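Visitor: Take this structure first; my questions come after.
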Amino acid sequence: MSIMESKVVFIGAGNMAEAIVSGMVAAEFCAAEKIVLTDIRPERLADLEAEYGVNTSTDNNVVKDAEIIVLSVKPQVLDEVLKGIAPVFRKETLVISIAAGIPTAKIEKALGEGTRAIRVMPNTPALIGQGASALAAGALADEADMEVAETILGCVGLTVRVEEKQIDAVTALSGSGPAYVFYLLEAMLSAADEMGLEKETARTLTLQTVEGAARLMKDSGEDASELRAKVTSKGGTTEAAIQSMDESGVKEAIVKALKAAQARSEELSQG
Ligand SMILES: NC(=O)c1ccc[n+]([C@@H]2O[C@H](COP(=O)([O-])OP(=O)(O)OC[C@H]3O[C@@H](n4cnc5c(N)ncnc54)[C@H](OP(=O)(O)O)[C@@H]3O)[C@@H](O)[C@H]2O)c1
């Protein structure tokens, strides 16, 4: 069966599921009515049905004739969800999980022998089609399965493949990453305020600076350190700022922070 004709069931119709579904509908991944969202909140489902023309259900057993299932509930409820669908699950169905911290082995065990599972770590810019998702194949997911998952997540941004053992590092880097950028933005905007700039002016300049710097690095292909050296002239203003950050140990603090996130991700995965 072609991917276009697949029935895709999302279990858990939250923010992430909506982002991916909206990307799939816009990219015409498949006919909207082939997408089914399930949730425990009927009013949420009614909204999504009206907005995207998808089908919905409050019964997770709709997975019984699905070609693809996307597990998009919070990790805390995944056990219960898997237990609920296991009796009707068919091993021909591909399972894609975006639940943070849940290993594919756990999904394979819960759904039974022969389950093909793929674990994905997306991030919130997916909400505007600018996500970065890392995909890791479980024991039985093959190349064709990975391509299906890449096509789905590709509807909301770029995708990369990693080994599952790298998912905790990815979680620390790009999963939690948008929050680090917002943290930097908060600090830059506080400084702008203290220096007497108007709020709107500061917001415009700061956002364009962060976006422009990321684009410059992407388009030029140069390393961050090379680009930084280029804007840091001897005795200049940038040098004063970088020197101050070095004295405060900002780089070391960021490395430490990401390692803390990785350690926490490992801890959560081990339940
Ligand atoms: N947001 C991110 O940046 C991000 C990044 C990476 C991974 N993820 C992962 O993506 C997943 C979804 O995140 P989210 O932010 O979209 O969560 P969310 O908005 O809470 O969505 C989960 C939805 O599932 C519903 N639900 C709860 N129990 C259910 C059940 N038994 N059957 C069906 N639906 C059920 C929830 O309803 P109630 O609200 O009524 O409980 C909610 O509508 C999570 O596992 C998270 O780890 C998120």
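Visitor: Restricting attention to region 162-198, and to residues there that are of a type in the set (A, V, I, L, M) and free of Cβ contacts under 8 Å to residues at least 12 places away in the same chain, which single residue is nearest to the ligand (Cβ to nearest atom)?
Guide: In the first step, residues of region 162-198 are kept if they are of a type in the set (A, V, I, L, M); the result is 162, 167, 169-170, 172-173, 179, 181, 184-185, 187-189, 191-192, 195, 197.
Filter again for free of Cβ contacts under 8 Å to residues at least 12 places away in the same chain, leaving 179, 187, 191, 195, 197.
Numbers: ALA179: 9, ALA187: 21, ALA191: 27, MET195: 32, LEU197: 30 Å.
So, considering only residues that are of a type in the set (A, V, I, L, M) and free of Cβ contacts under 8 Å to residues at least 12 places away in the same chain, the one nearest to the ligand (Cβ to nearest atom) is ALA179.
Visitor: Please find, within region 1-21, the residue that is surrounded by the fewest Cβ atoms within 10 Å (Cβ to Cβ) out of those that are closer than 16 Å to THR124 by Cβ and β-branched (Val, Ile, Thr).
Guide: Looking at the filtered set, the residue picked out is VAL21.
Visitor: Can you say whether ALA100 is at pLDDT below 95, of a type outside the set (Val, Ile, Thr) and within 19 Å of MET146 (Cα to Cα), as far as the supplied structure shows?
Guide: Working: at pLDDT below 95: yes; of a type outside the set (Val, Ile, Thr): yes; within 19 Å of MET146 (Cα to Cα): yes.
In short, yes.
Visitor: Across region 211-237, what is the total count of residues that are in contact with a helix residue (DSSP H, G or I) (Cβ under 9 Å, 6 or more places away or on another chain) and open to solvent by 70 Å² or more (accessible area, probe 1.4 Å)?
Guide: Residues meeting the conditions: 7.
Visitor: May I pose another question? Restricting the search to region 117-157, which residues are within 15 Å of the ligand (Cβ to nearest atom) and open to solvent by 60 Å² or more (accessible area, probe 1.4 Å)? Can you show your working first?
Guide: The initial filter retains those residues of region 117-157 that are within 15 Å of the ligand (Cβ to nearest atom), namely 117-136, 149, 152-153, 156-157.
Scanning region 117-157 gives THR124, LEU127, ILE128, GLN130.
Visitor: Another question, then. Give all pairs with beta carbons closer than 8 Å in which a residue from region 199-216 that is farther than 14 Å from LEU184 by Cβ and assigned to a helix (DSSP H, G or I) meets a residue that is at pLDDT 95 or above and open to solvent by 100 Å² or more (accessible area, probe 1.4 Å); count only pairs at least 6 apart in sequence or on separate chains.
Guide: So the pair list comes out as LYS199/ASP193.
Visitor: Let me ask something additional. Enumerate the pairs (first residue in region 38-61 and over 24 Å from ALA26 (Cα atoms); second residue anywhere and more than 13 Å from the ligand (Cβ to nearest atom) and open to solvent by less than 80 Å² (accessible area, probe 1.4 Å)) with beta-carbon separation below 8 Å, excluding pairs fewer than 6 apart on the same chain, so at least 6 apart or on different chains.
Guide: From residues that are over 24 Å from ALA26 (Cα atoms), the pairs are ASN61/VAL88.
Visitor: Could I ask something else about it? Suppose we filter region 22-61 for residues that are within 11 Å of the ligand (Cβ to nearest atom), open to solvent by less than 40 Å² (accessible area, probe 1.4 Å) and out of contact with any strand residue (DSSP E or B) (no Cβ under 6 Å at 6 or more places or on another chain); how many remain?
Guide: Here the count works out to 1.
Visitor: Moving to a separate point now. So which residues in region 72-100 are open to solvent by 10 Å² or more (accessible area, probe 1.4 Å) and within 8 Å of the ligand (Cβ to nearest atom)? Let's see the steps before the verdict.
Guide: Start the filter on region 72-100 by keeping residues that are open to solvent by 10 Å² or more (accessible area, probe 1.4 Å), which leaves 72-77, 79-81, 83-84, 86-92, 98, 100.
Of everything in region 72-100, those that are open to solvent by 10 Å² or more (accessible area, probe 1.4 Å) and within 8 Å of the ligand (Cβ to nearest atom) turn out to be SER72, VAL73, LYS74, PRO75, VAL77, GLU80, VAL81, GLY84, ILE98, ALA100.
Visitor: Return the pairs, sorted by first residue and then second, in which the second residue is away from the ligand (no atom under 14 Å from the Cβ) and open to solvent by less than 80 Å² (accessible area, probe 1.4 Å), the first residue lies in region 123-149 and is farther than 10 Å from LEU94 by Cα and in contact (Cβ under 8 Å) with a residue 60 or more places away in the chain, the beta carbons are less than 8 Å apart, and the residues are 6+ apart or on different chains.
Guide: GLY129/CYS155
Visitor: Those residues that are at pLDDT 95 or above, open to solvent by 40 Å² or more (accessible area, probe 1.4 Å) and not small (Gly, Ala, Ser), I need them from region 103-116; list them, please.
Guide: Those that are at pLDDT 95 or above, open to solvent by 40 Å² or more (accessible area, probe 1.4 Å) and not small (Gly, Ala, Ser): LYS106, LYS109, ARG116.
The values are calculated or read from the model by the stated rules, or taken from the named source; none is laboratory data. Since we're looking at a predicted model, the values are computed, not measured. Here the Cβ is made from the backbone with ideal geometry for all residues, glycine too, and neighbour counts use every protein chain on show. Please note that ligands, DNA and RNA were not included when accessible areas were found on the heavy atoms of the full protein model with its side chains. Shrake-Rupley method; radii C 1.70, N 1.55, O 1.52, S 1.80 Å.
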